[in-house]
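Notes for the one structure printed next.
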Amino acid sequence: MLSYPVTIIGTGGIGSWTAEQVFRLGCPRLMFYDEDTVAVHNLGNQNYVWRDIATPRKQLKKVYALVRRL
């Protein structure tokens with residue numbers, strides 16, 4: 001299984017945690033698709049932290065925040 005690429009569509013409540021678990025299993029080829037940005041209301045149930053929150057000057061997409069964490 002580890003030689004196959006894994007694509008995760010949506011890195012929200014389920015996708016962000018799934019991405020971390022698949023990464024920890026050792027999958028070297030992950031692809032993410034999500035156009036949303038990280039907001040304060042995402043912190044309670046998604047795999048993001050305060051530094052990932054988008055500011056008016058810096059719109060950090062969930063995909064980039066997740067890649068940075070992994």
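The values are calculated or read from the model by the stated rules, or taken from the named source; none is laboratory data. This is a predicted model, so every value here is computed, not measured. We place every Cβ from the backbone using ideal geometry, glycine too, and count neighbours over all the protein chains shown. We work out accessible area using only protein heavy atoms, side chains counted, and drop any ligands, DNA or RNA first. Shrake-Rupley method; radii C 1.70, N 1.55, O 1.52, S 1.80 Å.
Observations on the model:
- q = 0.23, 0.24 Å⁻¹, the chain: log10 I(q)/I(0) [Debye, one scatterer per Cα]: -0.95, -1.02
- Taking each DSSP H run with n ≥ 4 as -39500 (n - 2.57) and averaging over every residue of the chain yields -7500 deg cm²/dmol at 222 nm.
- Annotation: Cα Rg of the range 1-41 relative to the compact-globule expectation 2.2 N^0.38 Å equals 1.22.
- Average accessible surface area per residue within the chain, 1.4 Å rolling probe, Å²: 68
- The HN-Hα couplings worked out from phi for the range 6-23 by the Karplus form 6.51 cos²θ - 1.76 cosθ + 1.60 (θ = phi - 60°) are 10, 10, 10, 9, x, 10, x, x, 9, x, 5, 6, 4, 4, 5, 5, 5, 4 Hz, whole numbers, x standing for Gly and Pro.
- Linear extension gain, Gln59 paired with Thr7, 0.36 nm per residue minus alpha-carbon span: 16.4 nm
- Cut-off 12 Å, label 7 Å out along Cα→Cβ of Val67, residues of the range 9-41 by amide N: 30-34
- The mean sequence separation of alpha-carbon pairs under 8 Å and at least six residues apart, normalised by the residue count of the chain, gives a relative contact order of 33 percent.
- Apolar share of the accessible surface for the chain: 60 percent from carbon plus sulfur atoms, 1.4 Å probe.
- Relative to the Cα centre, the charge distribution of the chain, modelled as +1 at Lys and Arg Cβ and -1 at Asp and Glu Cβ, gives a dipole magnitude of about 280 debye.
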